[in-house]
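Working notes for the structure below.
Just so you know, all these numbers are worked out from the coordinates, no wet-lab data involved. This structure is a prediction, so every number in the text was calculated from the model and none was measured. Quick reminder, even Gly has a Cβ in these numbers, built from the backbone with ideal geometry, and neighbours come from all protein chains shown.
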Amino acid sequence: MIWEVDSSLESLLRAEAVRDPEIEVVFDAPASDWAARLTGPVVDAYLYDIHEDVERRHAGTAPDRDENGRIVGRRPAVRYYRLSYLITAWTTRAADEHRLLGQLLENLIRFDQVPAEHLKGRLAGKSIPLTTAIPQPDRNASDLWTAVGGDMKPSLDLLVLVPITPAVTFVVGPPTEGRRVSTQEKLPRPVVDPRRG
């Protein structure tokens, strides 16, 4: 599922935000040694956090039906996961990076969800909410940069909310067609003595 989100974001960034074939879109950790190897302008979308949105979780199961509409199992309810990306721009000059980051911001805030034409794989046909540059309460920027081994620089937080249907199905028993159950009490037939005519 994560690669489908990455692929969808790459399509969105290339078509709607970057719009320049010279600028590469990658999903690498922005460590200092990685940055030193760059040879051209790059937009990096680093996935730094994944966690469930527990407020959207529903208890119970939903029926799983076959082609005849018969219930053949139970499927757990859909769960929603927040994927947090750190978006950074990398060029040889800070002014160019700021210009590129501003362009990304202006173009991404137009979308409250990933447009359908950019959704890939199992995400196709789903509604995938997207938020840009909203502060994450549990993120400390300096701690994140220290953890990846990079030098702190301006960035955008991009949050994608992804629905995932658990694959587990609890199979129910076989159908009981053709069986008849009666609740009527049957009395024994009276015994006739053949000696009594």
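List the relative contact order of region 1-147 as a percent without decimals, with contacts defined as Cα pairs under 8 Å and 6+ residues apart. Intermediate results must be reported in sequence, preceding the final value.
Details: 187 pairs, mean separation 36.8, N = 147.
Averaging sequence separation for qualifying contacts and normalising by length gives 25 percent for region 1-147.
Extension gain residue 61-residue 20, at 0.36 nm per residue separation less the Cα-Cα distance, in nm?
On the way: separation 41, 0.36 × 41 = 14.76 nm, distance 4.63 nm.
Here the answer is 10.1 nm.
Suppose R0 equals 45 Å; then what is the FRET efficiency for residue 105 and residue 68 from their Cβ-Cβ distance, rounded to the nearest 0.05? Kindly include the intermediate steps, with their values, before the conclusion.
On the way: r = 52 Å, r/R0 = 1.15.
FRET efficiency, residue 105 to residue 68: 0.30.
Ordered by packing density, taken as the mean number of other Cβ atoms within 10 Å over each peptide's residues, highest first, how do 63-69, 5-11, 39-45, 104-110 rank? It would help to have the intermediate numbers written out before the result.
Details: 63-69: 9.7, 5-11: 20.3, 39-45: 17.1, 104-110: 15.4.
Ranked by mean Cβ neighbours within 10 Å, highest first: 5-11, 39-45, 104-110, 63-69.
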